[in-house]
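Take a look at the structure below.
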Amino acid sequence: MESRRKTLRLRARLTLTFGLGALLLTSVLSVLTYLLVRSNLIENREQSALSVASVNASQAERRIYEGATDKAVRDFLSNLRGVRSESTPLLRLETDWISADPVVFEAPGSLNSDLLTAVSDSSSTGAEMKYKMDDGTPVLVIGFPLTTRNALYFEATPLDDIEDTLSSLSNVLRLVSAGICLFGIALGSWASRRVLLPVEKVGQTARAIAVGDLAARLDVGNDPDLATLATSFNQMATNLEERIEADAKFASNVSHELRSPLTTILASIEILNSDKHGLEESSQLALDLLNEDLERFHQLVEDLLEISRYDVSANALTLERFLLVEFLERVVEQNPSAETRLEFHDELTGIRIEADKRRLARVISNLLENAEYYANGATCIEVLRIGDGLSISVLDNGPGIEPNERSSIFERFARGSEGGRRGSGTGTGLGLSLVAEHVKLHGGSVAVTENSKDGVGSKFTVNLPGVIR
Amino acid sequence: MTTKILVVEDDERIRTAVRLALEKEGWEVLEAASGEEALEIFQNQKCDIVLIDIMLPGIDGFEVCRSIRKMSDLPIVMVTARDDTHDVVAGLEAGADDYLTKPFAPKELSARIRALLRRVRIPTPNLSTLEFGDLRILPDQGQIIVNGKTIHLTRTEFQLLVELASIPGRVFSREELLERVWGKDYFGDGRLVDVHVRRLRKKIEPEDTKPRYVITVRGFGYKLKN
């Protein structure tokens, strides 16, 4: 079997798309911003450092040219102002290195040898280099060759402030990116909910119609995009409702029309029955056939009339209070299969219930009849008290009902499989659907399970909440 | 003398078939195709029981029932199209003693008729009069006297009262009363009892909303207060 591909729900997909889109956009913008700011800051620093260093270098050159002592040069260097306070000037006179006091930038140890070579070799333009010192501090070093005493002037400016700024900036950008991404997700979630709201409503309404609320409709609203959907959906629901109503009305009309001829037929055949002994043998046989089928036909019309009252919602309970056990005993008595046991706890003796007696009697006797037709009769009726409700089960030892047929047997004209059917009697095909309708009108439910007590057969259970009053 | 049954039914085929079936039972049948015809026959000929279809052209079954009830206490069986509460209760309120729903088997009909024609049973034959305060029942004369005034009860109402009076103070369930008065089984329609008790109260109680004689025992049934 082909494994089913997992597809994310539409809403999740939309939300994800919004989130990823926002993340992508904000990432690109952040990276661009970072790079731009970084190059700007560093360029500015380089330029200002270069011009300051250039001025300082020419001043130093003049001092040396004027023959200042090493001590005077050192003082001069210490008083020089770099582009930053941390800027450190240093000077090479022939082979001696003179640093400003205090020594921040250790020369020549901290000086990159490539830079030294580059500055020595340059004519007058100098050279610059950015690198990291041993302790990890980034530094910009600018060097100029001086014209006297084979001197080289260097100025080192730590770039840690720029690094700090950039790292703060990158933190802020990261934070903003994450925020925008979250916002995108939220927006996606909201938008998808908003977009899917009409779809959700259609789903809800369709579900309501499916469970029987045929009058459920969509609110058309004033959005032209959605109005088309809502209008067509409502049109479909209306057509469906009309169709179902027409069907119900047709069944109701047919069964009503059948009543008068059936009354005539029932009375007429009674006259033939009383003269039966004067008839020929073949006519007697024909009369017997007629009687049997007429009885079934009579029952069918009665059942159709009853069920069509449910279709046109003309049914209401006629509630009475009566003794439960006596009632069940009477129902069992009426049933042809005398082998049905009635099992109940002693506490139920003397309990009165409030229900529609006629309908409840039909429920039990239809279940007993069903067992008679398909399972050689019911073996037992089990009555349990559940709070102020009742659970009445009719058990049989018949062939049982396939799990996939268990809900459909309560539909109209549903017939069980051929197995286990006895003789020609098959009921009207409406018995169990009437059971379901009667029980529903009482606010209860009916279901069929396996007869686990005997290990074979079926168990029809009717739950009637709140009937013990 | 044979029992005469008036059958009021506009459908000729049903009417004929019902007549034939009832005649097989040994009863005499008078036929009426409309309410007007029924009332005319009723005024000119004596009959013992009336069968009325509710759906009639012209004056309907309820109206025919009310008109007959004004003139006589004889048993009336209504034939309704539907057994929903409205039609049944309306028919009983109009004065019917029992009802049938179409389609019905003639056996059902003759069982109803036989039950309604049955003579009132006298529960205590040695007592010709039962007394409950101002209420006196004379079973052998089929009469009751309230406050010295003779009250007319229909046969069914009278039988209901006599059943309740057979053991004063005992609670009779609807099922018991249905069986004893109407000859129905356990599954008979309890509304028959309720509507007839209501009608009975209107006739014998000084205030029918606060009954003094026929008491409702909620969830159980009715009793005659001793």
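The values are calculated or read from the model by the stated rules, or taken from the named source; none is laboratory data. What you see is a predicted model; the values in this text were computed from it and never measured. Note that we place each Cβ from the backbone using ideal geometry, even for glycine, and neighbour counts take in every protein chain shown.
Points worth noting:
- Whichever residue in segment B:17-34 is assigned to a strand (DSSP E or B) and within 17 Å of A:Thr264 (Cα to Cα) and, among such residues, is nearest to the other protein chains (Cβ to nearest Cβ): B:Val29
- Residue ID - nearest to A:Ser313 (Cα to Cα), chosen from residues in segment A:261-283 that are surrounded by 18 or more Cβ atoms within 10 Å (Cβ to Cβ) and either of a type in the set (Gly, Ala, Ser) or touching a residue at least 60 places away in the same chain (Cβ under 8 Å) (or both): A:Ala267
- Filter pass, A:Ile269 being of a type in the set (A, V, I, L, M, F, W, C) and within 28 Å of B:Arg174 (Cα to Cα): no
- Annotation note: of A:Leu305, A:Leu324, A:Leu287, A:Leu348, the sole residue that is within 19 Å of B:Pro106 (Cα to Cα) and of a type outside the set (Val, Ile, Thr) is A:Leu287.
- Within segment A:161-175, the set of residues being of a type outside the set (Ser, Thr, Tyr), more than 17 Å from A:Gln47 (Cβ to Cβ) and surrounded by 14 or more Cβ atoms within 10 Å (Cβ to Cβ) comprises A:Glu163, A:Leu166, A:Leu169, A:Leu173, A:Arg174.
- Residues that are more than 8 Å from chain B (Cβ to nearest Cβ) and either without any contact (Cβ under 8 Å) to a residue 24 or more places away in the chain or not β-branched (Val, Ile, Thr) (or both), drawn from segment A:316-325: A:Leu317, A:Leu319, A:Leu323, A:Leu324
- Residues considered: A:Leu305, A:Leu360, A:Leu368, A:Leu328. Of these, the only one that is surrounded by 15 or more Cβ atoms within 10 Å (Cβ to Cβ), not assigned by TED's automatic domain parsing to the domain that holds A:Asp388 and not basic (Lys, Arg) is A:Leu305.
- Only listed residue being in contact with a Phe, Trp or Tyr (Cβ under 7 Å, 6 or more places away or on another chain) and within 14 Å of chain A (Cβ to nearest Cβ), chosen from B:Gly142, B:Gly188, B:Gly219: B:Gly188
- Out of A:Ala355, A:Ala371, sole residue that is farther than 24 Å from A:Val254 by Cα, modelled with pLDDT of 85 or more, assigned to a helix (DSSP H, G or I) and not basic (Lys, Arg): A:Ala371
- Any hit, segment A:115-128, residues being crowded, with 16+ Cβ neighbours inside 10 Å, in contact (Cβ under 8 Å) with a residue 60 or more places away in the chain and either within 29 Å of A:Leu25 (Cβ to Cβ) or in contact with a Leu (Cβ under 9 Å, 6 or more places away or on another chain) (or both): yes
- Residue satisfying condition, being more than 43 Å from the chain's Cα centre (by Cα) and within 28 Å of B:Leu177 (Cα to Cα), within set A:Ala361, A:Ala378: A:Ala361
- Hits in segment A:385-399 - residues which are closer than 13 Å to A:Val325 by Cβ and surrounded by fewer than 20 Cβ atoms within 10 Å (Cβ to Cβ): A:Arg385
- Failed criterion for B:Thr209 (all others in (1) surrounded by 14 or more Cβ atoms within 10 Å (Cβ to Cβ); (2) without any contact (Cβ under 8 Å) to a residue 24 or more places away in the chain; (3) polar (S, T, N, Q) hold): (1)
- Identity of the residue in segment A:248-260, touching a residue at least 24 places away in the same chain (Cβ under 8 Å) and of a type outside the set (Gly, Ala, Ser), that ends up nearest to the other protein chains (Cβ to nearest Cβ): A:Arg259
- A:Thr264 meets the conditions (1) touching a helix residue (DSSP H, G or I) at 6+ places or on another chain (Cβ under 7 Å); (2) more than 8 Å from every other protein chain (Cβ to nearest Cβ) in every case but one. The failed one is (2).
- Hey, A:Glu343 modelled with pLDDT of 85 or more, crowded, with 21+ Cβ neighbours inside 10 Å and away from chain B (no Cβ under 12 Å) or not: no
- B:Glu163 vs. criteria modelled with pLDDT of 85 or more and within 14 Å of chain A (Cβ to nearest Cβ): no
- Residue within segment B:54-65 that is modelled with pLDDT under 90, part of a strand (DSSP E or B) and touching a helix residue (DSSP H, G or I) at 6+ places or on another chain (Cβ under 6 Å) present: no
- Considering A:Arg341, A:Arg359, the condition of being farther than 22 Å from B:Asp189 by Cα and of a type in the set (Lys, Arg) is satisfied by A:Arg341 alone.
- For segment A:312-322, a tally of residues being crowded, with 19+ Cβ neighbours inside 10 Å and over 17 Å from A:Gly443 (Cα atoms) returns 1.
- Any chance A:Ala216 is outside any helix (DSSP H, G or I), small (Gly, Ala, Ser), more than 18 Å from the chain's Cα centre (by Cα) and surrounded by 11 or more Cβ atoms within 10 Å (Cβ to Cβ): yes
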